[in-house]
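Read through the structure below, which is laid out as C-alpha cells, and then see the notes.
The values are calculated or read from the model by the stated rules, or taken from the named source; none is laboratory data. Note that the structure is a prediction, hence the values are computed from the model and not measured. Note that each Cβ is placed from the backbone with ideal geometry, even for glycine, and that neighbours are counted across all protein chains shown.
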Amino acid sequence: MKRNAAAQNVDRYVGARIRERRIMLGLTQQQLADLIGVTYQQAHKYERGINRVSAGRLFEIAKVLSVPVGYFYEGLGEGTEPKAPTARERMMLELARNFSEIRNEKHQEAFSQLARALSSAGGSRD
C-alpha cells in the first residue's frame, strides 16, 4: 500500500511539472491537449496526477513543451516530497511569461522599475 501512495505522489509531481511548464509557455490545457492528441479532460487528469502518464505520452508532452523528459522528474529525489506549484509560484511563472512577451524595451524597463519600486515599498502585504 505504501508503494502505491509513493507512486501516486510521483504522478502528482510529474503532473505539477507539466502544468508549470504549460503555464510558463502560455498554453491552455485545451491547447496542450490538442498538441498531444488527447481530450481536455485527459490533459487535466494528467496535470492533477489523477491519471498516470505513460512513457510514450510523456515523451510526446516533453517534445511539445520543448523540454527533456527528465525535466518532469527534476527535484524529485530521496526524501523530497512532491508538491504542486503554489498560487504564488504560478503567479511568478505567469509574470515571467508575460514579461518575456513584452517586445518594447522601454516598456520592459518601466515594468522592471515598477516591480523594484513595489518590492521595496515597505514589504507590506495588502
Query raised in the report: Quick one: is Leu35 surrounded by 15 or more Cβ atoms within 10 Å (Cβ to Cβ), aliphatic (A, V, I, L, M) and closer than 21 Å to Thr86 by Cα?
Result: no
Report task. Among residues belonging to the stretch 63-87 that are among the hydrophobic types (A, V, I, L, M, F, W, C) and at pLDDT below 80, point out the one that is farthest from Arg48 (Cα to Cα). Result -> Ala87
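Can you tell which of Ile61, Ile23 is within 25 Å of Ala5 (Cβ to Cβ) and in contact (Cβ under 8 Å) with a residue 40 or more places away in the chain? Explain how you work it out, then say what you get.
On the way: Ile23 fails: within 25 Å of Ala5 (Cβ to Cβ).
It is Ile61.
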Query raised in the report: So which of Arg97, Arg90, Arg57 is surrounded by 11 or more Cβ atoms within 10 Å (Cβ to Cβ), at pLDDT 90 or above and of a type in the set (Lys, Arg)?
Result: Arg57
Query raised in the report: Taking interchain pairs and intrachain pairs at least six residues apart, which have beta carbon atoms under 7 angstrom, with the first residue in the stretch 92-103 and over 15 Å from Ser119 (Cβ atoms) and not assigned by TED's automatic domain parsing to the domain that holds Glu20 and the second small (Gly, Ala, Ser) and in a loop (DSSP other than H, G, I, E, B)?
Result: Arg97/Gly26
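Within the stretch 60-70, can one find any residue that is on the phi > 0 side of the Ramachandran plot and in contact with a Lys or Arg (Cβ under 8 Å, 6 or more places away or on another chain)?
Within the stretch 60-70 (the criterion being on the phi > 0 side of the Ramachandran plot and in contact with a Lys or Arg (Cβ under 8 Å, 6 or more places away or on another chain)), the answer is no, since none of the residues qualifies.
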Report summary line: The helices (runs of 4 or more DSSP H) lying entirely within the stretch 1-117 that contain at least 1 residues which are under 12 Å from the mean Cα position of the chain (by Cα) and of a type outside the set (A, V, I, L, M) are 2-24, 29-36, 40-48, 87-100
